[in-house]
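Please read the structure below before turning to the comments.
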């Protein structure tokens, strides 16, 4: 019995050790490796209240927050800093620094930081580097190109070369690089990502020579209208393990049937889904080959990994 207790303690220690050192989604949540749609998101976590609620939720696995330059509510006369907020807002009760301090490894959450300008991005990277070696999944997100449908310069895309140069300073981070979009009722139903937009993105990734993992955030209402162009995007990307992140805003008109087909065609092992609950409930992913798999192989793999880790301790 003492031996069994000792082994149990070592296994628990191994699991804790692996969790604390998890810098990718797959490491932190092994069950997501073959089905990325199991990752549940908290979107626009830009306030103290939103952050606290997301951290307390056992269902939430990824926190998405927007990063801008502005002022904290209690420091209206102070200097500008990097805060959590979405344009046109310029004030917040939550700074990026405090956001990073609160999302600790024991919370078992990953973070996606959506930088709204190159200035916010570069200031934010400096802060992240000063905060020490993060041991949680970190995504750096920015729209680096103009996208559908005929997106304008408002908002202005983040400078692609400066984005990749900055990201190289945080090699453990996953790069989430997308397109600005223009949303009008008249173009939602027929709009889509074009071959030209896809080719330009692939070119930027290749020229950056990055070895970091890449995900492409695509707006659901446009992504659903052309599966083939997004398949080409993934097959043309030579970066490590390219994926899609399908996102949507409240009020977007999305064909749920088409979006379901897109996700199943690309594969649930290649598509993250960050959409409002009302749209999520309309999706039908039941016939996907990966969703029907038993979780037993993953469980056995996790046990083997733990035993192997114990032997190394």
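The values are calculated or read from the model by the stated rules, or taken from the named source; none is laboratory data. None of these values were measured; they are calculated from a predicted model. In this analysis, Cβ positions are derived from the backbone assuming ideal geometry, glycine residues included, and neighbour counts consider all displayed protein chains.
Look at residue 190 and say whether it is more than 20 Å from residue 87 (Cα to Cα), free of Cβ contacts under 8 Å to residues at least 24 places away in the same chain and either in a loop (DSSP other than H, G, I, E, B) or touching a strand residue (DSSP E or B) at 6+ places or on another chain (Cβ under 9 Å) (or both).
no
Can you tell me which residue in the stretch 119-133 is modelled with the lowest pLDDT, limited to those that are farther than 18 Å from residue 212 by Cβ and in contact with a strand residue (DSSP E or B) (Cβ under 8 Å, 6 or more places away or on another chain)?
127
If you check residue 166 against the conditions, is it under 26 Å from residue 40 (Cβ atoms) and in contact with a strand residue (DSSP E or B) (Cβ under 9 Å, 6 or more places away or on another chain)?
no
Test residue 90 against the criterion of being under 18 Å from residue 123 (Cα atoms), surrounded by fewer than 22 Cβ atoms within 10 Å (Cβ to Cβ), more than 20 Å from the chain's Cα centre (by Cα) and without any contact (Cβ under 8 Å) to a residue 12 or more places away in the chain, and give yes or no.
Considered against the rule, which asks whether it is under 18 Å from residue 123 (Cα atoms), surrounded by fewer than 22 Cβ atoms within 10 Å (Cβ to Cβ), more than 20 Å from the chain's Cα centre (by Cα) and without any contact (Cβ under 8 Å) to a residue 12 or more places away in the chain, residue 90 comes out as no.
Return a yes/no flag: does the stretch 205-212 have any residue that is more than 17 Å from residue 159 (Cα to Cα) and touching a helix residue (DSSP H, G or I) at 6+ places or on another chain (Cβ under 9 Å).
yes
Given 129, 212, which one is in contact (Cβ under 8 Å) with a residue 40 or more places away in the chain and surrounded by fewer than 17 Cβ atoms within 10 Å (Cβ to Cβ)?
Unique residue meeting the criteria: 129.
For the structure I just gave you, tell me whether residue 136 is in a loop (DSSP other than H, G, I, E, B), touching a strand residue (DSSP E or B) at 6+ places or on another chain (Cβ under 9 Å), touching a residue at least 24 places away in the same chain (Cβ under 8 Å) and within 21 Å of residue 167 (Cβ to Cβ).
Yes; evaluated as a whole, the condition is true for this residue.
With the requirement that a residue be surrounded by 13 or more Cβ atoms within 10 Å (Cβ to Cβ) and either more than 14 Å from residue 143 (Cα to Cα) or at pLDDT 95 or above (or both), what does the stretch 178-188 give you?
178, 179, 180, 183, 187, 188
Only one of 160, 168, 151 is closer than 26 Å to residue 24 by Cβ, in contact (Cβ under 8 Å) with a residue 12 or more places away in the chain and surrounded by 17 or more Cβ atoms within 10 Å (Cβ to Cβ). Can you tell me which?
160
Going through the stretch 73-87 one residue at a time, which ones are within 25 Å of residue 40 (Cα to Cα) and buried (at least 20 other Cβ atoms within 10 Å of the Cβ)?
83, 84, 85, listed by residue number.
Of all the residues that make up the stretch 32-48, how many are touching a strand residue (DSSP E or B) at 6+ places or on another chain (Cβ under 6 Å) and not in a loop (DSSP other than H, G, I, E, B)?
4
Looking for whichever is more than 22 Å from residue 49 (Cα to Cα), modelled with pLDDT of 95 or more and not in a loop (DSSP other than H, G, I, E, B) here; the options are 112, 161. Which one fits?
161
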